[in-house]
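The values are calculated or read from the model by the stated rules, or taken from the named source; none is laboratory data. All values derive from a computational prediction rather than experimental measurement. Counting neighbours? That spans all protein chains shown, and the Cβs are built from the backbone with ideal geometry, glycine included. The accessibility values were calculated without ligands, DNA or RNA, using every heavy atom of the protein model including side chains. Shrake-Rupley method; radii C 1.70, N 1.55, O 1.52, S 1.80 Å.
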Amino acid sequence: MLQVMRFAVEEINNSTSILPDVSLGYEIFDHCSNTQNFPSVFDFLSRNRSVEVPLNFNEYEPKVVSVLGPFGSTQTITIAPFFMMDLLPMVNYGSSSSSLSNKRAFPSFLRTESSNRGKVQLIIHILQRFKWTWIAFISCDSDYSRDALQLFSDAASGTSICLAYQEELKGDSNHTVILQKIIMLRVKVIIVFTSHEYAVPFIESAIRNNLQDKVWIASDTWSLNKELPTHQGLNTIGTIIGITERVVRLPGFPEFVQNSRSHSKYLECKNRKLPEFTATCNQACYNCSYMNARKIINENPTYNFAIYSAVYSVAKALHNILHCGTKGCNKTERVFPYKLLKEIKKSDFELLNLRIKFDENGDPPSRYNIVFWNLDYSDPFQYVGSYDAEPAESFSINETLIHWYTNGTIPVSRCSEECEKGSARRPYRIYKCCFECEVCPKDTYINHSADLYSCLPCKKNEWSDPGSTSCTERSVEYVHITEPLSVLLILSVSFMLFLAAAIAILFAHNYSTPVVRSAGGKMCFLMLGCLSGSGFSVFFYFGIPNQIKCVLRSTVFPLFYTVCLSCLTVRSFQIVCIFKMAAKLPKAHAWWVKYNGQWIFIAAAATVQFILCALSASRPFNDTVTFKDKIIMNCDSRSFIPFSATVIFAGFLGILCFTFSYMGTDLPKNYNEAKSITFSVLLFYLSWISCFTIYFLYKGKHLPIFNAFSMLTSSYGILLSYFVPKSYVILFKPEKNTQAHFQSCIQDYTQKISRM
């Protein structure tokens, strides 16, 4: 590091484009301690060997105009406040703790070494790329390491990564116990974010303890360490991947070191013992006198460019303050620390094809390389990827260049095996990475990109099978008017309406004939109208159900058919009453005739049925339960009891009608409607029993069709069994449609009764 700084200073001093007639001087202190740096701090801040308290920054000129270093975060945090209060620019090349980005605490601190924040982000990218979620993090007793651990914990909390184990290494740490805990937890990926003083002994302990089959992620402090690859047995511990600052070759640096090592002054210092530690021998390092050029050149190059660019950033700022040009610099310009700080913050220049600048926190752009330790080569450090935070975040890694200890397959490091497709996680330990798998039930799905732990319900118009990752939209089904069954039903209704109209015309034309009068007279037209209304209600069963259609479905047929049944009941009752009960109950018969009891009964029956229909009026209903992949659009009754009551009431009228007609089985043939009424009532019962049976067994979209067919069958039963035979007599048996024929039938019935 010393030689890189010397090289940068000498290069600037020999340059004609930067500070052309100004030479940079420097003093170097390296106490290798967090606390013994204070003498150098006071020396830098002094002037004429005394440290003054500045009252005005415009008059403050300390011994130095800028400070580079120190290397470690803890050392920097310890001494930085002394420089901060005087706004002396402190350009650092090796302290990456994110706390130094706080400009309130460190207003004059800048650095050319990236913050830990970028390094941790890169590590997160690597873990996510290879889907490693079960991680051990080894830190050490330093601000650099503790800061990285905190940043990693915060960043991992928003991902699927779990920090299974963490440990802080100290001078007396028991490495064997730490490694045994890692084995016990079945952790396969270990992040060693420590300084090389802690990392090297820890890796050596892993070799001695025969720790195998692990992935080691090395922080920048030891990712290019030249010592570890020479250790016997390093290839047994697994695969080592490191992150490092973008390594840039410094042109001319090897030659500079070679020349400085062979310089006569260096040889003179090397061959004589200096009497005092503080003695210097020009720019030769007394403590490094026995370090040969080859070893210096081959040293870890991680921080070379950071040191080099730190020197240049200060020099460029001085160049601007002194208004340097081709003719030289304005040496009369006084350089105050706060002015230099302001100029350094504005730095934005290119150095060896890399952009040098500082953000608002005094941090440089994050630029990293990913290195794989390929121990099969003399140079074991193989670059396999990169990470850049600017101009846009980019991360790339060529995993084919990495030789995994698993012989080709990417190692797996997780607490629990991934759930199969369509299964959700159920945590069973404190870690989110430890879970059991549970198949999502039907009508739910799991979206792995949104939430790995919840089975989300499908919408009402969607469905899914157990273990689904998405929902499928249900098909909406209802009775279309163009379906074959619908067409058949429409043709049947049309024919029934035509037949009813024809019979009504025929009856109107022959209204005064005995057949029409015996059939009910005016009541026949009411019955034909109600049968037509019952048939017409079938049209409400097609298309998308709405409120009006549903109300008409549950009202029109029951009401009209009830009126029709009540007419049949009254007509049967009247015939029986005339022939059998009038003589026995003359007053009741007289009251019935006087007050038109038949119409009172019909009106009462219609009123009761109307009230029941109003109570059971149906409404649109989407059946999403019966079929998983369909929505059946239908009408649903508000209450099953009133709905059943409408059918029961109609059935009750049918029983009355059947009873009265059965009582008149021995009446004259012209007045005996037992067969027709029995047929129509039985057909009514059979059709609706069939309808209710289908209702409980079948839940498809054609259920309304079966309902409509039952209605149509019931209507056809009365029309065919009651009105068609009478129409046949009118058209083809006119001799039976005479008053004489009816009188003859009555006389035969009277004689028969008298004989009995």
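So the values come out like this:
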item: Some residue of the range 28-39 being acidic (Asp, Glu), buried (at least 18 other Cβ atoms within 10 Å of the Cβ) and under 26 Å from residue 256 (Cβ atoms); result: no
item: Top-ranked residue of the range 415-431 - restricted to ones that are closer than 17 Å to residue 454 by Cβ and acidic (Asp, Glu), ranked as surrounded by the most Cβ atoms within 10 Å (Cβ to Cβ); result: 418
item: Single condition residue 362 does not satisfy, out of (1) farther than 29 Å from residue 59 by Cα; (2) under 43 Å from the mean Cα position of the chain (by Cα); (3) open to solvent by less than 20 Å² (accessible area, probe 1.4 Å); result: (1)
item: Strands (runs of 3 or more DSSP E) fully within the range 42-157 counting 3 or more residues that are in contact with a strand residue (DSSP E or B) (Cβ under 8 Å, 6 or more places away or on another chain) and either free of Cβ contacts under 8 Å to residues at least 60 places away in the same chain or surrounded by fewer than 22 Cβ atoms within 10 Å (Cβ to Cβ) (or both); result: 134-140
item: Residue 621 being open to solvent by 40 Å² or more (accessible area, probe 1.4 Å) and either at pLDDT 85 or above or closer than 21 Å to residue 541 by Cα (or both); result: yes
item: Which listed residue is open to solvent by 10 Å² or more (accessible area, probe 1.4 Å), more than 21 Å from residue 429 (Cα to Cα), touching a residue at least 40 places away in the same chain (Cβ under 8 Å) and among the hydroxyl-bearing types (Ser, Thr, Tyr), from 195, 173; result: 195
item: Failed item in (1) modelled with pLDDT of 95 or more; (2) open to solvent by 70 Å² or more (accessible area, probe 1.4 Å), with residue 326 passing the rest; result: (1)
item: Tabulated pairs, the range 470-486, first under 15 Å from residue 546 (Cα atoms) and aromatic (Phe, Trp, Tyr), second open to solvent by 30 Å² or more (accessible area, probe 1.4 Å) and not in a loop (DSSP other than H, G, I, E, B), C-beta under 9 angstrom, 6+ apart or interchain; result: 478/633
item: Pair list, Cβ under 6 Å, 6 or more apart: the range 668-686 residue surrounded by fewer than 17 Cβ atoms within 10 Å (Cβ to Cβ), other residue modelled with pLDDT of 75 or more and in a helix (DSSP H, G or I); result: 679/721
item: Enumerated strands (runs of 3 or more DSSP E) restricted to the range 355-428, each holding at least 1 residues that are free of Cβ contacts under 8 Å to residues at least 60 places away in the same chain; result: 381-388, 394-397, 423-427
item: Helices (runs of 4 or more DSSP H) wholly inside the range 482-557 containing at least 1 residues that are open to solvent by 60 Å² or more (accessible area, probe 1.4 Å) and closer than 29 Å to residue 623 by Cα; result: 484-509, 522-536
item: Selection count where residues are among the hydroxyl-bearing types (Ser, Thr, Tyr) and either at pLDDT below 65 or more than 29 Å from residue 716 (Cβ to Cβ) (or both), scope the range 556-609; result: 1
item: Residue list for the range 432-453, restricted to those being acidic (Asp, Glu), surrounded by 14 or more Cβ atoms within 10 Å (Cβ to Cβ) and farther than 15 Å from residue 472 by Cβ; result: 438
item: Residues being open to solvent by 10 Å² or more (accessible area, probe 1.4 Å) and either among the small types (Gly, Ala, Ser) or in a loop (DSSP other than H, G, I, E, B) (or both) - total across the range 203-227; result: 8
item: Residues (farther than 30 Å from residue 224 by Cα and among the hydrophobic types (A, V, I, L, M, F, W, C)) located in the range 304-343; result: 317, 318, 321, 322, 324, 329, 335, 336, 340, 341
item: Any hit, the range 454-461, residues being of a type in the set (Ser, Thr, Tyr), open to solvent by 70 Å² or more (accessible area, probe 1.4 Å), without any contact (Cβ under 8 Å) to a residue 60 or more places away in the chain and in a loop (DSSP other than H, G, I, E, B); result: no
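Each row is one residue, and each column tells you yes or no for (1) more than 35 Å from the chain's Cα centre (by Cα); (2) of a type in the set (Asp, Glu); (3) under 14 Å from residue 192 (Cβ atoms).
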| residue | (1), (2), (3) |
| --- | --- |
| 105 | yes, no, no |
| 124 | no, no, no |
| 135 | no, no, yes |
| 139 | no, no, yes |
| 144 | yes, no, yes |
| 149 | no, no, yes |
